[in-house]
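The values are calculated or read from the model by the stated rules, or taken from the named source; none is laboratory data. Since the structure is predicted, the reported quantities are computational estimates derived from the model, not experimental observations. Here the Cβ is made from the backbone with ideal geometry for all residues, glycine too, and neighbour counts use every protein chain on show. The area values use the complete protein model at the heavy-atom level, side chains included, leaving out ligands, DNA and RNA. Shrake-Rupley method; radii C 1.70, N 1.55, O 1.52, S 1.80 Å.
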Amino acid sequence: MAFTTTSDGTEIFYKDWGAKDAQPIVFHHGWPLSADDWDTQMLFFLGQGYRVIAHDRRGHGRSTQTDTGNEMDTYAADVIALASALDLKGAVHIGHSTGGGEVAHYVARAESGRVAKAVLVGAVPPIMVKSDANPGGLPIEVFDGFRTGLAANRAQMYLDVASGPFYGFNRPGAVISEGVIRNWWRQGMMGGTKAHYDCIKAFSETDFTDDLKAIEQPVLVMHGDDDQIVPIADAALLSIKLLKNGTLKVYPGFPHGMCTTHADVINADLLAFIRS
């Protein structure tokens, strides 16, 4: 397995497939998952001739189960270290959910020439938690509930999320995949409880407004309008207003985990954007 070591000694696991002189596409996973959540996309884009890379965020998957640094500044610094170690140039960074926040935070800080384009899929920016400045956000009690559930019985909580709102499996007529549920649970349980607990604050309370405003590169914002985890009204519909060079694509009826449930549609749209 491949790892890069950050300045604080954290080992970040990553996959790196394809010709090293091909354009790189870097995938950033959501909470509490791992690089494995992108396997369908990685195989697809590998077949299209791209170099595909995905890492396990610190505290997630096969990376070090850190008790510190589980916040967006350090997540972005870890990506900076990975991009430097792999000498990535002209990369397309694609982030889902929490990974979308990581992408925004990284791209706004990336070295010149490292990033060509970015994609935010069901992403958490600009900011999730409700406040006077963000009246449409979700109440802090929602995220406190996540913390309580994780601390009390993480295994059951992860089953409940995957079998319900994440993929829209709680909707009437939904085609439920037991394999998808188990794979979500498997990825979640690989990571560290402390890191996952801390990450709830990172994805819900980080304000990405300045990051979005600072990004010069083209950004595709993709969001399902039946996203029960990151509601579109306070996410994509606000993010697109802050980006200098953004394109919004809304998917009627699609859930939060649409990269899995509707991979054929999402992959085709990603490919079109990358080639454009």
| query | Before we move on, is Ala235 over 15 Å from the mean Cα position of the chain (by Cα) and at pLDDT 95 or above? | reply | no
| request: Those residues that are open to solvent by 10 Å² or more (accessible area, probe 1.4 Å), hydrophobic (A, V, I, L, M, F, W, C) and assigned to a loop (DSSP other than H, G, I, E, B), I need them from the range 189-245; list them, please. | output: Ile229, Leu243
| remark: Within the range 14-27, residues part of a strand (DSSP E or B) and open to solvent by less than 30 Å² (accessible area, probe 1.4 Å) come out as Lys15, Pro24, Ile25, Val26, Phe27
| query | Are there any pairs with C-beta distances below 6 angstrom linking a residue in the range 228-254 that is over 17 Å from Leu270 (Cβ atoms) to a residue that is part of a helix (DSSP H, G or I) and charged (D, E, K, R), with the two at least 6 apart or on different chains, and if so which? | reply | Leu242/Lys213
| task | Kindly indicate which of Ala155, Ala151, Ala116 is under 30 Å from Ala22 (Cα atoms) and in contact (Cβ under 8 Å) with a residue 24 or more places away in the chain. | result | Ala116
| query | Which of the residues spanning the range 43-57 are in contact with a Phe, Trp or Tyr (Cβ under 7 Å, 6 or more places away or on another chain) and buried (at least 21 other Cβ atoms within 10 Å of the Cβ)? | reply | Val52, Ile53, Ala54, His55, Asp56, Arg57
